[in-house]
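Just below is one structure, and these are the notes that go with it.
All of the numbers you see were taken from the coordinates with simple rules; none came from a lab. Predicted model only: the values in this text are computed from it and were never measured. Here the Cβ positions follow ideal geometry from the backbone for every residue, glycine too, while neighbour counts run over all protein chains shown.
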Amino acid sequence: MRRVYFSSDSDDLALVRQSLAGQTEAFGALVTRYQRVMYTVALRMLGNAEDAQDATQDAFIKAYQRLATFDPSYRFYSWMYRILVNECLNVNRDRRPDDPLDDDAAGGGTPFDDALAAERRDQINMALLQLSPEYRTVVVLRHFAGQSYGEIAEALAIPEKTVKSRLYSARQRLGELLLGWRERGKDEDR
Amino acid sequence: MIRPELEALLQGALDNTLTAEERAELARILSESPEARERAAELSALAGLIESLGPADAPSGLVDHVLAQVSHHPQVRHVTFQRGVAVNKKILFGLAAAAAIVLAVITYNSNPPATVGTEATIGAAQRAQAPQIAAGDVKLGDTSTQDILQTETFDAIMKDDTLRTMLLDAELRASLQSADLRGALTEDAIRIALRDPSLRKKLADENLRQGYSAEMAKKYADDANMRALVSNRAFAEALRRDNFRALLNRQGYAAALASDTMLRALRDPGLDAALRSPDFAARLARDVRAK
């Protein structure tokens, strides 16, 4: 199917072309534009700030090295998400099971409120990490990167139907873990 | 038991993927089924909980670190085929060498000749070739809305994570196309009520589905904040909708609606046109990703 460029993607494409022409400051603009959302995705995938920082930096460096392989008929950020998710999955494989989770919550309330909020955030982070990587990835891309089904499908190179099915199963599992929903049977791709 | 069709509609509503017909169908089911309403509330609560983690700030110095690294890591050079398929040079030379060896072996052993049977492969390859993108395929946004997107009001929305994310909800944008509701949201009493920490708990009141009525105003005679909400016809009508109440239930959304940034936006004469513009939604979505 032929793809269509939207004006919002054309800026990225221009920066990619300038980067390929040797203008590293153009690549710097792409990193600046996407660093926050990429880091957020990495943090929610890994639950650890240090690992998330490493994964985000490595993903951008790999993207730069492979920029010539980027197919401009795709969205730049979808391509970046794919590289980043692969980095995160590699970190996950190497990780020790007892590595601590980071609490990235900002304070601001009373010490008691902050402690309660931090505990709740820990619970949510733990629940995310209990999901299989396939399920966690779609939840993180949907809820923290605001990606549509189609964009997630493009980033992960899977059918939209699989995105929907994984989101359903992931949410069901999170509901069981966080809100005590009744189990609805074994999760599986529908 | 929740039917798979209903579950699909509810998930679609959560992800803003429903068509107008599907939204109408879901609204009908929700109005008739307490079980469906309970499930919708569950899903909304879960989404709110997940998203309560919010975005994280990138570590300072990340950009500088990446740029320092890339200056030591040259880009991989690639040979690009005419149709945009990029192939690593090493792979290309390897493939060429392998092809030469295979060709030599086939030529030496071929019986029948090596070209027999390749026509179908070539035909399939030709069918798989994608056409080049033409100028007509390039869609630029609706330029009439570009001016709105350049305003300070829009810039302020972009800088408010909660407000920006909230306005991504298509149903909320549709609701805000009502001048009456926009007017209601500029009233001090309603803005104060939206900041009430106990509002989320009070939104569980099933009677809010009744909409504007003297009974509701009477019921909340002793609660100034709720009385302000249910006594405003436009706001009371909005509260009838499950989606609107679910949005208000999300962490920080009610306060975002009552924020000074939102107030400035509501007073901006360009907001109505922006809410109706697909470019506005596209820019919100793009900047949520990019921030």
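Here segment B:52-66 is scanned for amide nitrogen atoms under 11 Å from the site 7 Å beyond the Cα of A:Glu119 along Cα-to-Cβ, giving none. Modelled this way, with points 7 Å down the Cα-to-C-beta line, the labels at B:Thr151 and A:Asn90 are 4.7 nm from one another.
Counting pairs of alpha carbon atoms under 8 Å apart in space and at least six apart in sequence, what relative contact order in percent does segment A:107-190 give? The normalised contact order for segment A:107-190 reaches 26 percent. Highest mean packing comes first when the peptides B:47-53, A:41-47, B:14-20, A:74-80 are listed by Cβ atoms within 10 Å, giving A:41-47, A:74-80, B:47-53, B:14-20.
Straightening the chain between B:Asp260 and B:Arg37 buys 77.0 nm, computed as 0.36 nm per residue apart minus the Cα-Cα spacing. Note on A:41-48: average number of Cβ atoms from other chains within 10 Å of each residue's Cβ is 2.
In order along segment B:33-40, the phi-based Karplus estimate (6.51 cos²θ - 1.76 cosθ + 1.60, θ = phi - 60°) of 3J(HN,Hα) comes to 10, x, 5, 5, 5, 5, 5, 4 Hz; Gly and Pro are listed as x. Among B:His65, A:His143, B:His72, the order by Cβ neighbours within 10 angstrom, fewest to most, reads B:His72, B:His65, A:His143.
Express in nm, to one decimal, how much length is gained between B:Ala20 and B:Ala179 on full extension, taking 0.36 nm for each residue of separation and deducting their alpha carbon distance.
Values: separation 159, 0.36 × 159 = 57.24 nm, distance 2.14 nm.
Using 0.36 nm per residue and subtracting the Cα-Cα distance, I get 55.1 nm.
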